[in-house]
Every structure is written in C-alpha cells, then in structure tokens.
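Notes to accompany the following structure.
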Amino acid sequence: MQYTRLAMPNHAYFIVADQGKLAFVGSPDAPLSEAADYVSGSLEFNQEEMLPFKNAIDDYLTGKEQTITIPVTYHGTPLQEAVWQYLQTIPYGETRTYAQVAAAVGHPHAFQAVGSAVGKNPVMIAVPCHRVLRKDGGLGGFRGGLPMKRDLLALEQGQRPIFKDAFSQRHLVYW
C-alpha cells in the first residue's frame with residue numbers, strides 16, 4: 001500500500017491507496033498509525049503513485065468537481081459495507097438522516113449500528129459520510145471533527161470554506 005500526506009491551511013491528512021484504490025483518508029493531524037485501524041499491511045511513502053488520489057481530493061475540495069471519481073476500497077461488516085455503499089449514492093449538496101440511511105440499507109431500527117458504521121468510514125470525503133445528519137438537523141458526529149464537517153457541507157452549498165486557498169495552485173505539501 002502507498003501513502004502520502006496532504007496539507008490544508010489548518011491541518012494535514014494522510015491518505016492511503018491499495019492496488020490502485022483509495023483505502024483510507026485520515027483524520028485531521030492524526031498520525032499515520034491511525035491508518036492501522038482501517039487498513040492492514042505495510043505502507044510505503046509514494047508521492048507519484050498517490051498523485052491521482054491527491055488530485056481527486058483536491059478537485060473536490062476546491063469545488064472543481066462535485067464527485068470524487070477515483071475507485072475506493074474498504075472492508076467491514078456486511079452492514080458497514082452496505083452503509084458505505086449507500087453513502088456514495090447521496091447526491092452532492094444533499095443530506096440524509098441516520099434513520100433514512102438505516103431504512104435505505106434494510107435495517108430501519110438500527111440507528112446506532114448505522115451511526116457506528118458511518119463513523120467507521122475509512123475513506124471520509126470520498127465516501128461522503130459528512131452528508132449524514134441527526135433527524136433534528138444537528139451535525140451528529142464526524143471522524144474528521146465537526147468543524148471539517150461544517151466546511152464540507154458549506155462547500156456543497158456553494159460557500160467558500162478554507163479548502164479553497166490550500167489547493168488552488170495544486171501545491172500540496174508532502175511530508
């Protein structure tokens with residue numbers, strides 16, 4: 001598996017790919033060791049191999065693209081995988097509640113299990129778990145932190161969150 005680290009104005013994120021598919025997007029400023037909770041195997045730093053993944057995330061975060069079209073891979077329980085697959089169907093700029101997600105994956109009373117699956121999404125941003133809200137409209141949780149969730153939702157509503165300045169020239173910092 002290959003990895004790199006991309007820098008944003010206020011945070012840096014590790015991203016990991018496995019066999020040509022995005023496998024992990026890290027939490028803000030988390031160490032690379034966080035990836036071990038989501039992927040298994042040795043990791044090799046590789047800027048060149050990771051460039052398509054970096055560019056895809058860049059294009060999304062700068063508003064150039066409304067979808068991230070790179071392939072993703074993930075491994076979880078059948079419920080987790082069903083939830084992650086469903087999250088990919090939520091259109092840009094729209095949200096769903098945890099209850100709606102639970103119903104959509106055939107477990108209408110499994111709100112907590114669905115919430116747990118959303119929270120364990122290994123490829124946040126690419127699999128848009130930020131589009132899931134509480135039934136009262138509250139943000140709920142987000143592995144990337146609530147400020148990032150707010151920024152991602154604002155981006156999808158046409159606002160200009162902090163991501164714009166970081167990526168406008170494709171000058172991501174690698175460490």
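Here Y74 meets each of (1) of a type outside the set (D, E, K, R); (2) open to solvent by 60 Å² or more (accessible area, probe 1.4 Å); (3) in contact (Cβ under 8 Å) with a residue 24 or more places away in the chain with one exception, condition (2). One residue stands out in the stretch 23-57 among those that are in contact (Cβ under 8 Å) with a residue 60 or more places away in the chain and within 19 Å of K149 (Cβ to Cβ): the one that is most open to solvent (accessible area, probe 1.4 Å), namely Y38. Looking only at the stretch 59-76, decide whether some residue is of a type in the set (D, E), in a helix (DSSP H, G or I) and either closer than 18 Å to L153 by Cα or touching a strand residue (DSSP E or B) at 6+ places or on another chain (Cβ under 8 Å) (or both). Yes, the stretch 59-76 contains a residue that is of a type in the set (D, E), in a helix (DSSP H, G or I) and either closer than 18 Å to L153 by Cα or touching a strand residue (DSSP E or B) at 6+ places or on another chain (Cβ under 8 Å) (or both). Search the stretch 89-102 for residues being touching a strand residue (DSSP E or B) at 6+ places or on another chain (Cβ under 8 Å) and assigned to a loop (DSSP other than H, G, I, E, B), and hand back the single one that is least open to solvent (accessible area, probe 1.4 Å). The extreme case among them is I90.
For L6, the stated conditions hold: it is more than 18 Å from C129 (Cβ to Cβ), open to solvent by less than 70 Å² (accessible area, probe 1.4 Å) and either at pLDDT below 95 or not β-branched (V, I, T) (or both). For the stretch 119-140, which positions are touching a residue at least 24 places away in the same chain (Cβ under 8 Å) and closer than 18 Å to G93 by Cα? Matches in the stretch 119-140: M124, I125, A126, V127, P128, C129, R131, V132, L133, R134, K135, G140.
The values are calculated or read from the model by the stated rules, or taken from the named source; none is laboratory data. Remember, it's a predicted structure, so these values are computed and weren't measured experimentally. Note that each Cβ is placed from the backbone with ideal geometry, even for glycine, and that neighbours are counted across all protein chains shown. Heavy atoms of the whole protein, side chains included, go into the accessibility calculation; ligands, DNA and RNA do not. Shrake-Rupley method; radii C 1.70, N 1.55, O 1.52, S 1.80 Å.
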